Amino acid sequence: DLGSGFGKIIYFLGKIKKYQIDGVELNHSIYKDSLSLQDVNVSLYNENILEFNLDQKKYDLLIINDPLKNKNDFETLIKKIDNLCHKVFIIIINVDSEKIKLASNYLKIIDQKSFSIHRNILFYEHKP
């Protein structure tokens, strides 16, 4: 979970569903608050997602719940994902049309659901 915040996604997938999941959160205060979720299934990192080593593990899925408001930062992250050497699925949540277009320039869109102009979920795939 890139930009994991207080850990809603971490809580559901790691604690309830028992999947192994990593959360990356830059804000130290928010990161400290989320540490109570850390256990055998949940690892948390207080790092910048633009600098986080996505190759340290062979992640099957990356979740991005629009933590990056700056479009250049978002593009940097998408390019970083596009440069991965392994297949990965990506879920991007609640982004505007510009970010959808940007992500679609680098990643293969599998499906999308829109609920309003900024409420959506998109499913992408990256194949090296």
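The values are calculated or read from the model by the stated rules, or taken from the named source; none is laboratory data. Keep in mind it's a predicted model, so treat the numbers as computed, not measured. In this analysis, Cβ positions are derived from the backbone assuming ideal geometry, glycine residues included, and neighbour counts consider all displayed protein chains. Keep in mind that these areas ignore ligands, DNA and RNA; they rest on the heavy atoms of the full protein, side chains included. Shrake-Rupley method; radii C 1.70, N 1.55, O 1.52, S 1.80 Å.
A few points about this structure:
- Within segment 49-76, being touching a strand residue (DSSP E or B) at 6+ places or on another chain (Cβ under 8 Å) and surrounded by 12 or more Cβ atoms within 10 Å (Cβ to Cβ) holds for I49, F52, L54, Y59, L61, L62, I63, I64, N65, D66, P67.
- All positions within segment 103-128 that are closer than 16 Å to D82 by Cβ and modelled with pLDDT under 95: K127, P128
- From the options I91, I78, I63, residue that is under 17 Å from F123 (Cα atoms) and either touching a Pro at 6+ places or on another chain (Cβ under 9 Å) or in contact (Cβ under 8 Å) with a residue 60 or more places away in the chain (or both): I63
- Test: residue in segment 28-47 that is charged (D, E, K, R), in a helix (DSSP H, G or I) and either in contact (Cβ under 8 Å) with a residue 24 or more places away in the chain or open to solvent by less than 70 Å² (accessible area, probe 1.4 Å) (or both): yes
- Restricting segment 1-27 to residues that are among the charged types (D, E, K, R) and not in a loop (DSSP other than H, G, I, E, B), the residue that is most open to solvent (accessible area, probe 1.4 Å) is K8.
- Applying the criterion of at least 2 residues that are exposed (fewer than 14 other Cβ atoms within 10 Å of the Cβ) to the strands (runs of 3 or more DSSP E) found wholly in segment 79-128 leaves 108-114.
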